[in-house]
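Before any comments, here is the structure.
The values are calculated or read from the model by the stated rules, or taken from the named source; none is laboratory data. From a predicted model like this one, the values you see are computed outputs, not experimental measurements. No Cβ is skipped: glycine too gets one built from the backbone with ideal geometry, and neighbour counts run over all protein chains shown. Quick note on the areas: whole protein, heavy atoms, side chains included, nothing else; ligands and nucleic acids left out. Shrake-Rupley method; radii C 1.70, N 1.55, O 1.52, S 1.80 Å.
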Amino acid sequence: MNTNVPTSLYAQRRARMARQLGGNGVAIVPTAPERPRNRDSDFLYRHDSYFYYLTGFTEPNAWLVVAADGTSTLFCQPKDTEREIWDGFRLGPEAATAALGVNEAHPIGELDARLPKLLENKASVWFPFATHAGLEQRIAGWLSQVRSRVRYGALCPEEQHDLCAVLDEMRLFKDPHEQDVMRRAAAISARAHVRAMKASARMLREGHDLREYHLDAELLHEFRAGGSQYTAYGSIVAAGANACVLHYRADAAPIRPGELVLIDAGCELDGYASDITRTFPADGKFTGPQRTLYDLVLASQQAAVDATKPGARFTDPHDAAVKVLAQGMLDTGLLDRNKVGTLDDVIEKRAYFQFYMHRTGHWIGMDVHDAGSYVEPGQTGEVSERKDPLSGEVIKNRPSRILRPGMALTIEPGLYVRPGEGVPEAFHHIGIRIEDDAIVTPEGCELITRGAPVKADEIEALMRG
Ligand code: GLY
Ligand code: MN
Ligand code: MN
């Protein structure tokens with residue numbers, strides 16, 4: 001548990017949520033289950049983000065119930081000398097009320113017995129839909145117990161609502177505490193990227209049989225040395241052509257001088273993710289063709305950064321990046337003007353998709369792909385349709401989210417050149433992505449991951465060491 005955070009922060013979030021539960025609703029939020037890996041070994045435990053957002057509590061086997069009047073009840077593991085010898089400290093319900101600022105706390109074993117009472121005489125029940133296996137059935141069981149008491153005058157909630165909608169909107173705007181943790185997570189991850197770049201050049205200079213996992217080890221060292229608890233997602237360390245596989249993972253491929261290395265890796269610190277991609281020459285010196293494409297991706301990222309500001313739409317940075325990349329594809333001969341036509345044609349017909357096939361960003365926060373609607377609230381009914389020129393599928397466009405201060409998103413354009421008809425050989429197998437995390441400010445955006453250099457000259461200088 002992160003003991004540096006005042007419990008009032010979580011109490012304020014619970015109160016804000018409670019005010020949105022209608023006059024007489026009640027919210028139920030379980031934390032994540034422990035997941036078996038094999039036999040009696042579990043995967044490394046990670047709490048549920050919604051639950052953590054409302055409690056700051058990281059133990060497994062815990063539930064939170066919040067009524068519309070703000071009363072909060074926690075269920076958690078009881079103190080148990082024997083279990084604590086094996087598994088470690090448990091807060092226990094007696095200490096939980098003061099430590100977490102909840103009104104009541106009970107042992108988890110009393111959940112089934114107490115929940116029907118907490119649901120009785122409430123108008124509606126709110127819980128995260130489609131996020132926890134079996135949750136709907138569990139709640140249905142408690143509701144059926146309430147219903148069995150209606151002839152004694154009990155009222156049974158008549159409505160069920162998705163609590164995700166309420167919490168996702170709250171989570172989309174990062175408060176100063178969250179921004180602070182995200183900056184610190186970003187700083188650790190940036191140091192890890194710097195460490196991996198330096199290690200790559202050094203190990204090749206020293207004649208090592210350098211492998212992707214060696215650089216993964218450098219990342220992990222810096223993450224843990226910085227106090228981070230987890231990686232925010234599976235690290236990508238991709239040598240050479242592997243960079244063109246978007247979801248490649250750090251494996252055992254050799255890293256050779258003259259190749260590029262793409263690293264997409266970020267740590268999670270105190271519940272918050274960071275997400276950085278850097279692409280660098282394994283031996284510290286870009287070749288001509290690598291540099292040409294690298295500078296193009298960097299220019300497209302700068303265009304996207306410039307478009308990340310309050311009042312812009314979430315899709316604006318993507319559109320700005322695509323414009324620069326598409327122009328660059330024509331200028332470098334990746335796309336043949338005689339075949340694909342003008343810049344407008346390339347964008348309209350999505351010809352750029354051959355080399356750039358993903359979006360330029362996503363919300364980031366507690367989850368690397370964080371919660372929050374990508375459609376502007378109040379404009380969800382405004383739908384336009386268009387036919388995708390590549391797949392022929394009908395795509396529904398709703399007005400994209402308007403960016404506002406406190407939102408956090410990644411900016412991550414790339415280029416991935418697989419050999420193909422007419423594709424200049426000099427660019428074959430080059431895969432480049434540059435990714436930074438941005439917090440929208442009143443003036444524009446703050447890039448919190450720039451502790452890791454992005455300019456080609458700066459990367460080369462760093463790697464010269
Ligand atoms: N590392 C995951 C992503 O960039 O979305
Ligand atoms: Mn990433
Ligand atoms: Mn990302």
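Kindly establish whether GLY378 is more than 16 Å from ligand 2 (Cβ to nearest atom), on the phi > 0 side of the Ramachandran plot, over 28 Å from the mean Cα position of the chain (by Cα) and not aliphatic (A, V, I, L, M).
It is false that GLY378 is more than 16 Å from ligand 2 (Cβ to nearest atom), on the phi > 0 side of the Ramachandran plot, over 28 Å from the mean Cα position of the chain (by Cα) and not aliphatic (A, V, I, L, M).
In region 313-331, what residues are small (Gly, Ala, Ser) and either closer than 18 Å to ASP436 by Cα or open to solvent by 10 Å² or more (accessible area, probe 1.4 Å) (or both)?
Passing the criteria: ALA320, ALA321.
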Exercise. Name the pairs whose Cβ atoms lie under 9 Å apart, with the first residue in region 344-358 and surrounded by fewer than 16 Cβ atoms within 10 Å (Cβ to Cβ), the second β-branched (Val, Ile, Thr) and modelled with pLDDT of 95 or more, and 6 or more positions between them or separate chains?
Worked result: LYS349/VAL340
Exercise. In the set LEU390, LEU409, which member is crowded, with 23+ Cβ neighbours inside 10 Å and either more than 16 Å from ligand 2 (Cβ to nearest atom) or assigned to a strand (DSSP E or B) (or both)?
Worked result: LEU409
For this session: Could you list all residues from region 224-260 that are more than 21 Å from ALA187 (Cα to Cα), within 16 Å of ligand 1 (Cβ to nearest atom) and surrounded by 18 or more Cβ atoms within 10 Å (Cβ to Cβ)?
Result: ALA238, ASN242, ALA243, CYS244, TYR248, ALA250
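Here is a yes/no grid of residues against (1) over 24 Å from VAL297 (Cα atoms); (2) within 16 Å of ligand 2 (Cβ to nearest atom):
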{"site": "GLN327", "(1), (2)": "no, no"}
{"site": "ILE347", "(1), (2)": "no, no"}
{"site": "MET357", "(1), (2)": "no, yes"}
{"site": "GLY361", "(1), (2)": "no, yes"}
{"site": "ILE364", "(1), (2)": "no, yes"}
{"site": "VAL368", "(1), (2)": "no, yes"}
{"site": "GLY372", "(1), (2)": "yes, no"}
{"site": "ARG386", "(1), (2)": "yes, no"}
{"site": "ILE395", "(1), (2)": "yes, no"}
Exercise. How about region 1-96: which helices (runs of 4 or more DSSP H) wholly inside it have at least 3 residues that are closer than 26 Å to ALA123 by Cα?
Worked result: 7-18, 49-55
For this session: Please tell me if GLU385 is at pLDDT 95 or above, open to solvent by 10 Å² or more (accessible area, probe 1.4 Å) and touching a strand residue (DSSP E or B) at 6+ places or on another chain (Cβ under 9 Å).
Result: no
